[in-house]
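Okay, so here's the structure we're looking at.
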There are 2 protein chains.
Amino acid sequence: MLQFKLKSFNSITILFHFQIAEEVAKLLELKAQLSNQEQATNGAQKFILKTPKGTRDYSPQQMVIRQRVLDKVVSVFKRHGAESIDTPIFELKDFDIAGAYDPMIPDAECVKVVQEILDSLDMGSYTIKLNHRLLLDGMFEACGVPSSKFRSICSAVDKLDKSPWEEVKKEMIDEKGLSEEVADRIGTYVRLNGKSELVEQLLKDEKLSKNKSAIEGLEAMKLVLKYCDLYETSSNILFDLSLARGLDYYTGIIYEAVLLGDSIDGGDVSVGSIAGGGRYDNLVGMFDPKKKQVPCVGVSIGIERIFSVMEAKLATTKEKVRTTEIEVYVASAQKNLFEERMKLCNELWKNGFKVEHSYKRNPKLLAQLQHCEEQGIPLALILGESEIQKGVVKLRDVISRVETEVERSKVMEELQNRLVRFNNVP
Amino acid sequence: MLQFKLKSFNSITILFHFQIAEEVAKLLELKAQLSNQEQATNGAQKFILKTPKGTRDYSPQQMVIRQRVLDKVVSVFKRHGAESIDTPIFELKDFDIAGAYDPMIPDAECVKVVQEILDSLDMGSYTIKLNHRLLLDGMFEACGVPSSKFRSICSAVDKLDKSPWEEVKKEMIDEKGLSEEVADRIGTYVRLNGKSELVEQLLKDEKLSKNKSAIEGLEAMKLVLKYCDLYETSSNILFDLSLARGLDYYTGIIYEAVLLGDSIDGGDVSVGSIAGGGRYDNLVGMFDPKKKQVPCVGVSIGIERIFSVMEAKLATTKEKVRTTEIEVYVASAQKNLFEERMKLCNELWKNGFKVEHSYKRNPKLLAQLQHCEEQGIPLALILGESEIQKGVVKLRDVISRVETEVERSKVMEELQNRLVRFNNVP
């Protein structure tokens, strides 16, 4: 698993990884099994760990797309000081965490990182929804939901991005056992979204303004929205009271990035979640014998989803994905020039060029040139007897098929110039 | 598993990977089990596949070193047109292989790739030993070894890099059942090594010159040594008749790169194999129902060994390995400059710089500067009230501790220039 840690002053652990949802689910399962085992050491309780899913096979083209996406994501991580780590999440408690950060600062940077990733991948329009666990808890309390039902109501609310309110309300009443009155109260809140003006509005709300947890969550939202302003992420974010994320280990801010598509009526519509996360200060501590709390804020990147979107996008543009990076092909125009070809290749490799030539001693020129066109190799150097005698080599621009003679001693310089131009073409 | 394929004209499969020895061993085991199973479908024969070894945990420093090594290795692969693949080795038969390469050309390129990797890693002196399976077979035959014993004698010969001849001879006689006379005949050959002059000498050898397989192997050696000359690998290679490599799936050339250290008497001594491989034309075909032959030549890079050597080397030079790539730290000299810091960070990230600042609102300046020195961050921008009023920012060179004032509008340009200089320092 690819995993990066971003931290400062050894204070707070910020984790970026690509499978955090599954990882965390596995950890919770492990935790549950461990306590089951403790309770039933002499019983027949079996200890089962899921085996990893089978790996998919990818074509070289897919591998290139995946690598491009990963490179972009990793370069954003590095811009924010991430280091690559190989430590299981439950061992992260090795770190010193003595109060060296102030509220919402790392959290706002996580949102910034998500913004930079989605911008650099150029995936189209998106929204990063934000909410706060304490606001959700406070709101449920203020609406009259018994605390034992917070979790199940939370997961019902989380369905609002796919289902209409009437359906979710029905589930709350029929399956989760809420009264219609309580459900309706929840409904007035979870259909709200906006920016800092919504925070101000809710801070004056009759019910919420009397609830300690709700006030705390709203003050935190106010702070993070201000930081998002300073980091210029405001245009991409939305404070959304229906964002609940099913998992119950979040302790503070929660966020989720959704890609937007055009709806039938011309507006935006979510076409799926692409990244998400939040603060989970208790999760790592669960695995500590002393239950020490470890401040943690994480971003999970839905990398498989991103791969699929990028693959689909490339299929539309019909871009031919090159699977090798060969820049120069060394061809021969007549027979018995094999050794000359090998010498020239060697010289080019020594100068750092990405080069190949035919593995046949005497290939046909046409076959060699066709190979360049099929493989998208931008330049070909053609060795011929007359050119060798003149001390020159033919340089062919593969796309335009224009050939020019270049002095043997100036080949490296000329290639360098041509490739700079080639690489600058978008 | 990291795996790269280098090919041209869809002709021959050249595989570079980091675990080929184990991979191939697993495949052979699988093959053996499959045929056992065929023979004993109604018996009690069990079908066991080994589980993968547990993964080691690495520190962030180790991760950096590993990444540096991998980057260098992969850049050599790419220079030779490799593409990254995700196909199990026994499925490679999807390829068209209709006779589109001539003997020893891909083989010589593999040796070249090994040379480029070891040179770019700057691991000290090394030798790439070469030999040929057909020469080994022919030599054993010419010495009077029964063909049923070729494989076991081969693995005895392979011990010559670690054990003296007398010990290997004893094993051949006592354990493998050769007569002393036959063992001595082998001994006259396997202690020979040299370059193309040795090939010429052996082509005239009384016994070998009468053996078809030996002649074929020697002619192949002659060709590959000539190509190595053209690719300028000659100074790093050694034709060595004791190189046998234990595994018996090689069908042509075999090679192995060994690092050299100083021996007590001032000469060179092998300190361990670091890469190896050869041609194994029958291996992939084994898994083909029609037993179609697939030309394959591979390089296995002992990547774990390389990591260990590089780690040990870095420990000697006492280089401090940076685990993040942060270039600029944004510090504040007084309280209440937190928002200014955030704005400046945002501007720097937008311009592609790798930047961090404290997660505390009001950290002490000394603590911030100490962090830069500990983390090896080259530059710090210090925001202070007087500087903000003057429209400048203080730029601190962390190593020299020299501070200069830079106009706010020229910060990006100045950082760019400084970092180019910083990155050019070896």
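The values are calculated or read from the model by the stated rules, or taken from the named source; none is laboratory data. All figures in this text were calculated on a predicted structure; none of them were measured in a lab. All Cβ positions, glycine included, derive from the backbone under ideal geometry; neighbour counts span all protein chains shown.
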Practice problem: Report, ordered by the first and then the second residue, all pairs with beta carbons closer than 6 Å, sequence separation of six or more or different chains, a first member in the stretch B:378-390 that is in the same structural domain as residue B:408 (by TED's automatic domain parsing), and a second member that is in a loop (DSSP other than H, G, I, E, B). | Solution: B:378/B:398; B:380/B:398; B:382/B:333; B:383/B:337; B:384/B:333; B:385/B:334
Quiz item: Only one of these conditions is not met by residue A:326: (1) aliphatic (A, V, I, L, M); (2) more than 14 Å from residue A:383 (Cα to Cα); (3) more than 8 Å from chain B (Cβ to nearest Cβ). Which number is it?
Solution: (3)
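Here is a yes/no grid of residues against (1) buried (at least 19 other Cβ atoms within 10 Å of the Cβ); (2) out of contact with any helix residue (DSSP H, G or I) (no Cβ under 7 Å at 6 or more places or on another chain); (3) closer than 28 Å to residue A:359 by Cα; (4) within 14 Å of another protein chain (Cβ to nearest Cβ):
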| site | (1), (2), (3), (4) |
| --- | --- |
| B:174 | no, yes, no, no |
| B:177 | no, yes, no, no |
| B:188 | no, yes, no, no |
| B:195 | no, no, yes, no |
| B:214 | yes, no, yes, no |
| B:225 | yes, no, yes, yes |
| B:228 | yes, no, yes, yes |
| B:239 | yes, no, yes, no |
Quiz item: Inside the stretch A:49-94, can you point out the residues that are among the aliphatic types (A, V, I, L, M), in contact with a Lys or Arg (Cβ under 9 Å, 6 or more places away or on another chain) and at pLDDT 80 or above?
Solution: A:64
Quiz prompt | Checking residue A:400 against (1) polar (S, T, N, Q); (2) surrounded by fewer than 20 Cβ atoms within 10 Å (Cβ to Cβ); (3) within 14 Å of chain B (Cβ to nearest Cβ), the condition it does not meet | solution = (3)
Quiz item: So which residues in the stretch B:389-407 are among the hydrophobic types (A, V, I, L, M, F, W, C) and at pLDDT 95 or above, if there are any at all?
Solution: B:392, B:393, B:395, B:398, B:402, B:406
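What about residue A:200, is it surrounded by fewer than 18 Cβ atoms within 10 Å (Cβ to Cβ), closer than 18 Å to residue A:137 by Cα and among the acidic types (Asp, Glu)? Don't jump to the end; show me each part of the working.
On the way: surrounded by fewer than 18 Cβ atoms within 10 Å (Cβ to Cβ): yes; closer than 18 Å to residue A:137 by Cα: no; among the acidic types (Asp, Glu): yes.
So residue A:200 fails the test.
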Quiz item: Is the stretch B:134-157 home to any residue that is in contact with a strand residue (DSSP E or B) (Cβ under 6 Å, 6 or more places away or on another chain) and closer than 30 Å to residue B:124 by Cβ?
Solution: no
Practice problem: Could you pull out every one of the helices (runs of 4 or more DSSP H) wholly within the stretch A:98-160 that has 3 or more residues that are small (Gly, Ala, Ser)? | Solution: A:150-157
Practice problem: Quick one: in the stretch B:380-395, of everything that is closer than 10 Å to residue B:331 by Cα and surrounded by fewer than 19 Cβ atoms within 10 Å (Cβ to Cβ), which residue is farthest from the other protein chains (Cβ to nearest Cβ)? | Solution: B:394
Quiz prompt | Matching residues, the stretch B:303-346, being over 30 Å from residue B:260 (Cβ atoms), touching a residue at least 24 places away in the same chain (Cβ under 8 Å), in a helix (DSSP H, G or I) and not aromatic (Phe, Trp, Tyr) | solution = B:340, B:341, B:344
Quiz item: Counting only residues that are among the acidic types (Asp, Glu) and free of Cβ contacts under 8 Å to residues at least 12 places away in the same chain, how many does the stretch B:201-218 have?
Solution: 2
Practice problem: Find the residue count for the stretch B:338-350, including only residues that are within 19 Å of residue A:101 (Cα to Cα), among the basic types (Lys, Arg) and more than 7 Å from chain A (Cβ to nearest Cβ). | Solution: 1
Quiz item: Are any residues in the stretch B:351-379 closer than 14 Å to residue B:327 by Cα and more than 8 Å from chain A (Cβ to nearest Cβ), and if so, which ones?
Solution: B:351, B:369, B:372, B:373, B:374, B:375, B:376, B:377, B:378, B:379
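Restricting to the stretch A:349-360, name every residue that is touching a residue at least 24 places away in the same chain (Cβ under 8 Å) and out of contact with any Leu (no Cβ under 6 Å at 6 or more places or on another chain). Give the steps one after another, and end with the answer.
Initially, the stretch A:349-360 is screened for residues touching a residue at least 24 places away in the same chain (Cβ under 8 Å), giving A:351, A:353-358.
Correct list: A:351, A:353, A:354, A:356, A:357, A:358.
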